[in-house]
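All of the numbers you see were taken from the coordinates with simple rules; none came from a lab. Computed from a predicted structure; not experimentally measured. Here the Cβ is made from the backbone with ideal geometry for all residues, glycine too, and neighbour counts use every protein chain on show.
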Amino acid sequence: MNDDEPALDDPVGQSLRGRHTHLSRRFGRAATYLTDVATFSSVSVDPDAEDWADLAGLLGPGAFADMFSSPAVPPPGWEPVFSLEGRQMTWPGDGRPGRTRSASDTDVVELGADSVPEMLDLAARTEPGPFWPRTHELGTYLGVRV
């Protein structure tokens, strides 16, 4: 992938090569997040056998490669665990679209490292997908405390 292609064509790969480089592990043209951050992995947009071998070596035997929104198609011999179409949403505005915040609205708070135990507990109870001790480092997480 070159820098002229839109970031949303390969969001995981772009993140691992850019803003989240400090949270990544790499080998050859394969990259994945540190194991306590996320399961997302990436190879080149047009991978060859060497790229897939690099990813296999990076992950280790029996590991899970979450190829969320990747345009790459795994080679024969890679067993799909599940397939889920992802949705990417963007909104260029500020605040809530079409709505003014009122005094009675619930306060939304930014969650950080001190909130990790509660975040892990909620993820364990609701099973939204993988959430690890350092997942919050991917970006801003917001929550409502009740």
Output wanted: per-residue J couplings in Hz (rounded whole) for the stretch 8-20, from phi through Karplus 6.51 cos²θ - 1.76 cosθ + 1.60, θ = phi - 60°, x for Gly and Pro.
6, 6, 8, x, 5, x, 4, 5, 5, 8, x, 4, 9
Prolate/oblate/rounded label for the stretch 1-81 (Cα gyration tensor, a/c 1.5):
oblate
Pull up all non-local amide H partners of residue 24: gap of 5 or more, or a different chain, and H-to-H distance under 5 Å with H placed in the peptide plane.
34
Spelling out what I want: for every residue of the stretch 60-68, take phi, set θ = phi - 60°, compute 6.51 cos²θ - 1.76 cosθ + 1.60 (Karplus), and round to whole Hz; glycine and proline get x.
x, x, x, 7, 9, 10, 7, 9, 3
For residue 109 and residue 63, compute 0.36 nm times the residue count separating them, minus their Cα-Cα distance, and round to one decimal in nm.
13.1 nm
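With r defined as the distance between the Cβ atoms of residue 49 and residue 123 and R0 fixed at 41 Å, what FRET efficiency is calculated, to the nearest 0.05?
After rounding to 0.05, the efficiency reads 0.70.
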